[in-house]
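S.K.: Please read through the structure below; I'll follow up with questions.
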Amino acid sequence: MATAIAHPNFALIKYWGKSNHLLNIPAAGSISVTVDKLTTETTVDFSAGLERDVAWLNGKQVNDKEMFRLQTFLNIFRKIAGENRRAEIISSNNFPTAAGIASSSSGFAALSLAASSSLGLRLAPDELSEIARRGSGSAARSIFGGFVELVAGDRADGRDSIAKPIADENFWPLSILIAITSFESKKIGSTDGMNLTSETSPYYSAWVESTRQDLPQMRAAIEARNFTKVGELMEFSCLKMHGTMLSARPGLIYWNAGTLEIIEAVKDLRNQGHEAYFTIDAGPQVKILCQEKTKSVVLDALDGCPHVAEIISTRPGPAAYLKES
Ligand code: 2P0
C-alpha cells in the first residue's frame, strides 16, 4: 500500500489534441505551472483478495466508464511489475473535481506514484511522467513542480513524450489566482472535447502548428522572468485554443457569463496600469497570473465580479511526492 500527493498544474501554453489516441501522445508540446495548496491524495492497495479493481473518488465509487480507464492504466504498472493482483484506489481532492481545475493532472500523477510505489517499483521521475501521460496528458506535467514542459517527442511508442522541468517552484514566486464561477462538473470531458476538435475544426492544424512556435518563446520568457511576455503568450495560447474549440462542430463552449466578466475585469486592470493576465482551461473558471505587488488590486477587482463564487490564491508548487506512512 502507498499514498501519494500531487498538485494540479495550469497550462501557460495549452495542450489540446493528440497524435496517438492509444498511447495518449499529444500533437504538440505544452508548458505549465504546478500550483501549491490544491492537492489530490491517492492511496493504492494491491490486494490478493480483490476480484477486480475498485476506486473511490471523493468518497463515491467510480462509474464503469472511468473504472475502465483506471483499470487500463493500472495494467501498465501490473505489466512492468509482473503482477496480477487487483487494486483498491482511494482518492480525494481538496478542490472541485472535473470542473476545469485540472483534477486529472493531479489525479493521474498521484495515482502513478502511489501505484508504482505500492508495487515496489522505483521509477525515475521521467519514467513516471511518461506513464502518467498515458493516463492523462496533463498529468505528465504534475510529476514535477514549478514550471514544466511536456515534450511531444518524435518516437511512435511515445517513450520520449515526457515532461521536463524548466524551473522549480522557488524560481519565480508568481501569484496564480483561481476564480471559480461554477462548481458543476463539465459536460464534455477533455478527451472527448479534444477528439471532437481535432476531427471537425477547420482551424485544428493551424492550432497545432502555431503551438509548436509558441513553446520556445514561452520557455525563454520564463527563463528570463519576463512577466509581460509570459502573460501575453499565455493569453494568446488560451484564446487560440478556445477559438479552435469554438470552431468544432458542434462548437465547444466551456465559458459561462462569469468567465467573460472576469476577462473584462482583467483587461480593465491592465488599462489602469495593473499588469495581470488570464487563462482558461476546459471549464468556466479563470486563472489570473500576477506579481505579488499587484495581487491585492486583482483580488479587489475579482471581489467586485458578481459571478465569482470563490477565489483560491496559489503560487508555484512542488512535485508529486509519497506520503510517509
Ligand atoms: C492543458 N487541458 O494543457 C489543457 C488545456 C485542458 C485545457 O490538458 O485526454 O485531462 O486525459 O490527456 O490532460 C486537459 O486534458 O486530457 C488539459 P487527456 P487532460 O492543461
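S.K.: For L23 and T200, FRET efficiency with R0 = 25 Å and r from the beta-carbon atoms, rounded to 0.05?
M.R.: 0.65
S.K.: Continuing with the same structure: What does the extension gain come out to for I188 and K79, with contour length at 0.36 nm per residue minus their alpha carbon separation?
M.R.: 36.1 nm
S.K.: Here is a further query. Taking a point 7 angstrom from the Cα of E310 along the C-beta vector, which residues in the range 1-39 have backbone N less than 12 Å away?
M.R.: 38-39
S.K.: Which order do C290, C305 fall in if you start with the one that has the fewest other Cβ atoms within 10 Å?
M.R.: Result, fewest neighbours first: C305, C290.
S.K.: Something else about it: Once you have a ≥ b ≥ c as the square roots of the Cα gyration tensor eigenvalues for the range 175-314, tell me rounded if a/c is under 1.5, and otherwise prolate or oblate according to whether a/b is larger than b/c.
M.R.: In terms of gyration-tensor shape, oblate.
S.K.: By a straight-distance test (C-alpha under 22 Å), which lysines pair with K79 as possible cross-link partners, with residues fewer than eight away in the same chain excluded?
M.R.: Within the straight-line limit of under 22 Å, K79 reaches these lysines: K65.
S.K.: Then there's this: For K229, list the aspartates and glutamates whose Cα falls under 12 Å from its own Cα; do not include residues on the same chain fewer than 8 positions away.
M.R.: Output for K229: D214, E275.
S.K.: Now for a separate question. Testing the spin-label approximation: label points 7 Å from Cα along Cα→Cβ at A124 and Q213. State their distance in nm.
M.R.: Rounded to a tenth, the inter-label distance reads 3.5 nm.
S.K.: At 0.36 nm per residue, minus the direct Cα-Cα distance, what do E232 and D268 gain on full extension? Give it in nm, one decimal, please.
M.R.: 11.4 nm
S.K.: For the chain, what does the helix formula give at 222 nm: sum of -39500 (n - 2.57) over DSSP H segments with n ≥ 4, over the residue count, nearest 500 deg cm²/dmol?
M.R.: -12500 deg cm²/dmol
S.K.: Got the relative contact order for the chain handy, in percent, Cα pairs under 8 Å and 6 or more residues apart?
M.R.: 26
S.K.: List the pairs from K37/K267; K164/K293; K267/K287; K240/K267 whose alpha-carbon separation is above 20 Å, in the order I gave them.
M.R.: Over 20 Å apart, Cα to Cα: K37/K267; K164/K293.
S.K.: Next question, about the same structure. Whole number please: convex hull volume per residue, Cα atoms of the chain, in Å³.
M.R.: 127
S.K.: Next question. Please give the contour-minus-distance gain from Y321 to D160: 0.36 nm per residue of separation, less the Cα-Cα distance, rounded to one decimal in nm.
M.R.: That pair, Y321 and D160, stretches by 55.7 nm at full extension.
S.K.: Simple spin-label model, 7 Å along Cα-to-Cβ: F68 to E275 in nm?
M.R.: Label at F68, label at E275, 4.9 nm between them.
S.K.: Please state the relative contact order of the range 2-172 as a whole percent: Cα pairs under 8 Å, 6+ residues apart?
M.R.: That works out to 28 percent.
No value in this document is a laboratory result; all are computed from the given coordinates. Quantities reported herein were computed from a predicted structural model and do not represent experimental measurements. When we count neighbours, we look across all protein chains shown, and the Cβ atoms used for this are built from the backbone with ideal geometry, even at glycine.
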